Amino acid sequence: MRRYLLPLPALLLVSACVTGPADGSGKIQTSSQAKRESVQGAVSAPLRDVNLLQTKIPPVLLEAMADPYKRPQPATCAGITDAVVPLNNALGADLDEPAVDEDDLMSQGKGAALGAVAGLASDVIPFRGWVRKLTGAERHDSLVQAAITAGGVRRAYLKGLGESRGCKPPATPSHVLTGSPVINQDRKPRYPVR
């Protein structure tokens, strides 16, 4: 038991500043995203599991949870833009914007390696699932996910209002992806057939 207590002060020092993304943006992250983003996030996984380290939910997302369909005041293009921009900062890029290619092999390898480090760090806690439930970490992760969902709904509602008023982006969808191919879900055989 003593060998587990020795790295604890170092673990606390490394993860003391981790409450948001490593790149310094205001984008909210779930615990699993934080674990895979940086070494600090991976090493701080046990602190998230015992609920000593929590993701701070931006106020704009808490407001969206309270009423995602609240009409913006004023309900003009400028008012809608003023309401959408903080949501974009908190949530990141919307579905109507082209995605940055994060599926390359380097990103996948980095995420897998940091996930393995987070898994090893979390293995320090016996009965991790029960600990997360009893400390409230699981409940907080559910709250973070609900805030992200409410923020996405709010942003979509505001962009719909902006489009009905003829506003320009970001108060309306950009439609840059218009004409993109639809994903084909037909199953193909994994082996050659005649």
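Summary of computed values
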quantity	calculated
Residue match in segment 113-120 (condition: more than 21 Å from the chain's Cα centre (by Cα), modelled with pLDDT under 75 and part of a helix (DSSP H, G or I))	yes
Candidates Ala147, Ala171 - the one that is modelled with pLDDT of 80 or more, outside any helix (DSSP H, G or I) and within 19 Å of Leu61 (Cα to Cα)	Ala171
Filtered residues of segment 158-175 (kept if open to solvent by 90 Å² or more (accessible area, probe 1.4 Å) and under 25 Å from the mean Cα position of the chain (by Cα))	His175
Failed condition for Thr76, given (1) in contact with a Lys or Arg (Cβ under 8 Å, 6 or more places away or on another chain); (2) at pLDDT 80 or above; (3) crowded, with 16+ Cβ neighbours inside 10 Å	(3)
Thr135 touching a Gly at 6+ places or on another chain (Cβ under 9 Å) and of a type in the set (Val, Ile, Thr)	no
Close pairs (9 angstrom Cβ cut-off, 6 or more residues apart or separate chains): within 27 Å of Gln145 (Cβ to Cβ) and acidic (Asp, Glu) in segment 65-91, open to solvent by less than 40 Å² (accessible area, probe 1.4 Å) and outside any loop (DSSP other than H, G, I, E, B) anywhere	Asp67/Arg154
Members of segment 38-56 that are surrounded by fewer than 20 Cβ atoms within 10 Å (Cβ to Cβ) and either touching a Leu at 6+ places or on another chain (Cβ under 8 Å) or more than 30 Å from Ala83 (Cα to Cα) (or both)	Ser38, Val39, Gln40, Val50, Asn51, Leu52
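The values are calculated or read from the model by the stated rules, or taken from the named source; none is laboratory data. Computed from a predicted structure; not experimentally measured. Here the Cβ is made from the backbone with ideal geometry for all residues, glycine too, and neighbour counts use every protein chain on show. In case anyone asks, the SASA skips ligands and DNA or RNA and just uses the protein heavy atoms, side chains included. Shrake-Rupley method; radii C 1.70, N 1.55, O 1.52, S 1.80 Å.
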